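Written below as structure tokens is the structure these notes are about.
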Amino acid sequence: MYKEYKLRIKPLSTYITPWHSDTFVGHILWAIRYMEGIEELDKIKDEIKKGNPPFIFSNGLINGKFPKPNYPILERANLINIGEKHYGNNYYTALKKIKKLNTLDEEEFNIYIDGFNIENFLKEKLIYLKEKGNFPKVEGIKSENISHNVINRISGGTSDESLYSLVENFVGENHEIVFLLRLREDFPLEKLRKYIEYIELNGYGKKASSGKGAFKVISLEENNIKIVDNPNAFIVLSNYIPKEGDYEEVLSADTITKYAKVGGTEEEHPFKRPFIAFTSGSLFKGNTEGIKGKALENIHYNKDIIQFGMAYTIGVRIDE
């Protein structure tokens, strides 16, 4: 059995690595390695490989906003009828604005997963646009390509050949990142808290040693999520590597190809083999019970290294 928790953090710097579930769990595993030792790490990894992980994280939700799946998709004729009825002329522009809404607040998300009706959703949004003219501006992540120089450690200077750039992500002063997580009941919360504090101390992701990915923990507390009656599908809020039998049908999904790097180590070859995962917001028809996803093995020449691919899921009822 698992208990529900919510981790809220505030970025203190720009960051390069996205707040992905598998990356964050990787940081926790390295924290276990350095704080508890290799034997404890091997024990945790064995539990993960056997499908009994002590913790499962969502991707980081910017300001707690949930991803909006694209299902169900209406036929063009239905879209035209709804647009003309509830908006009038130039409804196409209004529908494009609605399509660009790729996140939902918690209240809307809870409506979405509980017998969601796409026609009612579009109707409400079209009426809002007709009355207000536009949706409220929401400040999200801003990404910029930042130039850097490599310092010559002998001369202390730089050269034209040493110039390189990195895409860095900025969030507003009042923004926060929210992780939803499940913690196995026999795993102490205080242990997990210490591992997260270790990451807080050392930074997250690429260039953490030079100050990127700095954050502070706002809170780690119990959480309640909406449980829908008679779910027949599930949405993943993590990067998800499915195992056989996880679902019956892919209803709406996006994928990412990751070129992950082994962190916290001096491996001669730090890069893992490329892999594909479903991304947060992907929706699947099927039984909602049990752990979805698996640990990906043989991802690196060092056979001890794994890739965490288990997903934080929420049951969805789709009225058919």
- request: Could you check the range 38-106 for helices (runs of 4 or more DSSP H) lying wholly inside it with 2 or more residues that are farther than 24 Å from Arg182 by Cα?
  value: 76-86, 91-99
statement: Of (1) part of a loop (DSSP other than H, G, I, E, B); (2) within 25 Å of Phe109 (Cβ to Cβ), Ala277 fails just (1)
- request: Please specify each residue of the range 172-198 satisfying the condition of being among the aliphatic types (A, V, I, L, M) and farther than 27 Å from Thr103 by Cα.
  value: Leu189, Leu192
- line: Considering the range 195-211, residues that are charged (D, E, K, R) and over 19 Å from the mean Cα position of the chain (by Cα), and then whichever is farthest from Asn174 (Cα to Cα), we arrive at Lys207
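Among the residues of the range 267-315, write down those that are hydroxyl-bearing (Ser, Thr, Tyr) and closer than 12 Å to Leu237 by Cβ. Explain how you work it out, then say what you get.
Residues of the range 267-315 hydroxyl-bearing (Ser, Thr, Tyr): 279-280, 282, 288, 301, 312-313.
The answer is Thr279, Ser280, Ser282, Tyr312, Thr313.
Report yes if Val217 is modelled with pLDDT of 95 or more, closer than 21 Å to Asp105 by Cβ and touching a strand residue (DSSP E or B) at 6+ places or on another chain (Cβ under 8 Å), otherwise no. Walk me through how you get there before you give the answer.
Values: modelled with pLDDT of 95 or more: yes; closer than 21 Å to Asp105 by Cβ: no; touching a strand residue (DSSP E or B) at 6+ places or on another chain (Cβ under 8 Å): yes.
For Val217, the condition - modelled with pLDDT of 95 or more, closer than 21 Å to Asp105 by Cβ and touching a strand residue (DSSP E or B) at 6+ places or on another chain (Cβ under 8 Å) - is not met.
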- request: May I ask you to verify whether Glu266 is modelled with pLDDT of 95 or more and either loosely packed, with under 12 Cβ neighbours inside 10 Å or of a type in the set (Phe, Trp, Tyr) (or both)?
  value: no
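Quick check, is Tyr112 part of a helix (DSSP H, G or I), in contact with a helix residue (DSSP H, G or I) (Cβ under 9 Å, 6 or more places away or on another chain), surrounded by 11 or more Cβ atoms within 10 Å (Cβ to Cβ) and without any contact (Cβ under 8 Å) to a residue 12 or more places away in the chain? Explain how you work it out, then say what you get.
Numbers: part of a helix (DSSP H, G or I): yes; in contact with a helix residue (DSSP H, G or I) (Cβ under 9 Å, 6 or more places away or on another chain): yes; surrounded by 11 or more Cβ atoms within 10 Å (Cβ to Cβ): yes; without any contact (Cβ under 8 Å) to a residue 12 or more places away in the chain: no.
Considered against the rule, which asks whether it is part of a helix (DSSP H, G or I), in contact with a helix residue (DSSP H, G or I) (Cβ under 9 Å, 6 or more places away or on another chain), surrounded by 11 or more Cβ atoms within 10 Å (Cβ to Cβ) and without any contact (Cβ under 8 Å) to a residue 12 or more places away in the chain, Tyr112 comes out as no.
Residues are listed down the side, and each one gets a yes or a no for (1) crowded, with 17+ Cβ neighbours inside 10 Å; (2) closer than 30 Å to Lys123 by Cβ:
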site: Ser21; (1), (2): yes, no
site: Leu29; (1), (2): yes, no
site: Tyr34; (1), (2): no, no
site: Lys43; (1), (2): no, no
site: Ile48; (1), (2): yes, no
site: Phe66; (1), (2): yes, yes
site: Pro69; (1), (2): yes, yes
site: Arg76; (1), (2): no, yes
site: Leu79; (1), (2): yes, yes
Boolean, Ile241 is surrounded by 21 or more Cβ atoms within 10 Å (Cβ to Cβ), modelled with pLDDT of 95 or more and β-branched (Val, Ile, Thr): yes
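To keep it simple, each residue is scored yes or no on (1) surrounded by fewer than 22 Cβ atoms within 10 Å (Cβ to Cβ); (2) assigned by TED's automatic domain parsing to the domain that holds Pro231; (3) not in a strand (DSSP E or B).
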{"residue": "Gly281", "(1), (2), (3)": "yes, yes, yes"}
{"residue": "Phe284", "(1), (2), (3)": "no, yes, no"}
{"residue": "Thr288", "(1), (2), (3)": "yes, yes, yes"}
{"residue": "Lys292", "(1), (2), (3)": "no, yes, yes"}
{"residue": "Asn298", "(1), (2), (3)": "yes, yes, yes"}
{"residue": "Asn302", "(1), (2), (3)": "yes, yes, yes"}
{"residue": "Ile305", "(1), (2), (3)": "yes, yes, yes"}
- prompt: Taking only pairs six or more apart or across chains, which ones have beta-carbon atoms under 9 Å, a first residue in the range 16-34 that is farther than 13 Å from Leu181 by Cα and in the same structural domain as Ala260 (by TED's automatic domain parsing), and a second residue that is of a type in the set (Asp, Glu) and in a helix (DSSP H, G or I)?
  reply: Ala31/Glu197; Ile32/Glu40; Arg33/Glu40
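The values are calculated or read from the model by the stated rules, or taken from the named source; none is laboratory data. All values reported here derive from a predicted model rather than from experimental measurement. Here Cβ is always computed from backbone atoms with ideal geometry, including for glycine, and neighbour counts include all displayed protein chains.
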